[in-house]
Amino acid sequence: MINILNECKDAKTIGISGHVRPDGDCVGSVSALYQFLKKSLKNTEIEVLLEEPSGVFSDVPAYELMTGSYDKQTEFDVFIILDSVMDRIGFAEEYAKKAKKTINIDHHISNEGIDCDVNYIVPTASSCAELVYEVIGEENLDEQIAKSIYIGIIHDCGVFQYSNTSPKTLRIAANLLEYGFDFPKLIDETFYEKTYVQNQILGRALLESILFMDGKCIASMIDRKLMEFYNATSKDFDGIVNQLRIVKGVECAIFMYEIGTLEYKISLRSCGAVDVAKVASYFGGGGHVRAAGCTMCGTYYDVLNNLSKEIAKQFPNMD
Ligand code: AMP
Ligand code: MN
Ligand code: MN
């Protein structure tokens, strides 16, 4: 465990960041820690350096600070990276690198804990938000902090469905509910609700998905043309890979979308038999055993081929 107030006690300036294309865990963790430090360290300047998240998070307390840019030349006394490694925080990386002290709180198994001066990396935690809860301490919560942490947890454990949900996760969630925020509304609005266009894209991705490796793998891809047709961005693709994964017989799901010419963002999900963190790490990405990601170049079929070869290594009876 780390004593965050002790680590920050002499700091005049603190920066907080998380990974690019921030998800609910990233947004919730940054929001919770920001609010806690803000109320605990009255004379410290605290800045959030995070890409703009999806609009579904607009009710999260620190949302308006997540603007995707920072134009001051601050050399932060302390820089805190949440839910990520150093090289996945985008524009914030240059600020983190020149900070006097860096702190990393994360739960990715692929995070070796070597990027920062102070590291609190717990791969068994459901979410970074669960770790932020511990770091803040139950006695220091308030309704807004509790709500932020709750959003972080539900997004990374699929509203307590995935295997990363532990008894501890549920105990923490129970404590958070004591604060009385409207949790069914949060779950609906940030997790389940889809726009008409998002549902149409999901439909397209399912329709055009392909099964391979005897039905053990499934893949689907959204290209630039389709993104332009629907005027869609990465924020519209949440949940697609999970829908692919639940196809009966599937062990490993691959979803990708084009982020540049012949360049794809890959999402991998596993039902347990395949360690997708290993697959994603091989291609320079990372994540968790059952949920991981990376970026790859080539045609759709090149990328699929390369991924298949790595996945097949984990099915000893297949070639
Ligand atoms: P995604 O498929 O983008 O939702 O990511 C699944 C999980 O893998 C999340 O916990 C991500 O934070 C993590 N992840 C995705 N891409 C990367 C990457 N390039 N490096 C490390 N972790 C990643
Ligand atoms: Mn995340
Ligand atoms: Mn996370």
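Overview of results
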{"read-out": "Dimensions (Å) - the chain, Cα atoms, principal axes, largest first", "value": "59, 41, 40"}
{"read-out": "Karplus-derived HN-Hα couplings along segment 43-58 (A = 6.51, B = -1.76, C = 1.60, θ = phi - 60°), whole Hz, x at Gly and Pro", "value": "9, 9, 8, 10, 10, 9, 10, 9, 4, 5, x, 4, x, 5, 9, 5"}
{"read-out": "Rounded to 5, percent antiparallel among DSSP beta bridges of the chain", "value": "45"}
{"read-out": "Difference of contour (0.36 nm per residue) and Cα-Cα distance, LYS39 to ASN3", "value": "11.4 nm"}
{"read-out": "Kirkwood Rh in Å, taken over segment 4-192 so that all alpha-carbon pairs contribute", "value": "16.2"}
{"read-out": "Coil-residue chymotrypsin sites (Phe, Trp or Tyr not before Pro) of segment 188-267, DSSP, other Cβ within 10 Å capped at 14", "value": "none"}
{"read-out": "Gain in span if fully extended, GLU134 to ALA174, counting 0.36 nm per residue against the direct Cα distance", "value": "13.0 nm"}
{"read-out": "In segment 143-190, GluC sites (Glu not before Pro) in a DSSP loop with at most 12 other beta-carbon atoms within 10 Å", "value": "GLU178"}
{"read-out": "Label-to-label distance, nm, for residues given as PHE91 and THR195 (7 Å Cα→Cβ offset)", "value": "2.1"}
{"read-out": "Partner lysines for LYS168 [C-alpha distance under 22 Å; skip if fewer than 8 residues away on the same chain]", "value": "LYS147"}
{"read-out": "Gain upon complete extension [LYS98, SER58; 0.36 nm per residue less C-alpha separation]", "value": "11.4 nm"}
{"read-out": "Among GLY272, GLY285, LEU304 the positive-end extreme of the charge dipole of segment 196-312 (Cβ point charges)", "value": "GLY272"}
{"read-out": "For segment 45-141, radius of gyration divided by Kirkwood radius, i.e. Rg to Rh on alpha-carbons", "value": "0.95"}
{"read-out": "ASN242-LEU65 pseudo-label distance in nm [points 7 Å out on the Cα-to-Cβ vector]", "value": "2.7"}
{"read-out": "Rh (Kirkwood; distinct C-alpha pairs) - segment 196-312, Å", "value": "14.0"}
{"read-out": "Efficiency of FRET between ASN305 and LYS235 - r from beta-carbon atoms, R0 35 angstrom, step 0.05", "value": "0.75"}
{"read-out": "Mean Cβ count within 10 Å, highest first, over the residues of peptides 56-68, 9-21", "value": "9-21, 56-68"}
{"read-out": "Those aspartates and glutamates that a straight Cα-Cα span of less than 18 Å connects to LYS98, excepting residues fewer than 8 apart in one chain", "value": "GLU7, ASP10, GLU45, GLU47, ASP71, GLU75, ASP77, ASP87, ASP115, ASP117"}
{"read-out": "For a label point 7 Å along the Cα-to-beta-carbon line of SER166, residues of segment 274-298 with backbone N under 16 Å", "value": "288-290"}
{"read-out": "Filtered trypsin sites (Lys or Arg not before Pro), segment 13-86: DSSP coil and at most 10 other beta carbons within 10 Å", "value": "LYS42, LYS72"}
{"read-out": "Using alpha-carbon coordinates, inclination of helix 196-207 to the longest axis of the chain, degrees", "value": "40"}
{"read-out": "0 to 90° range, to nearest 10: angle between helix 143-156 axis and the chain longest Cα axis", "value": "20"}
{"read-out": "Segment 175-250: Lys pairs at Cα distance under 25 angstrom, eight or more positions apart or on different chains", "value": "7"}
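A short reminder: the numbers here are calculations on the coordinates, not readings from a lab. This is a predicted model, so every value here is computed, not measured. Here the Cβ is made from the backbone with ideal geometry for all residues, glycine too, and neighbour counts use every protein chain on show.
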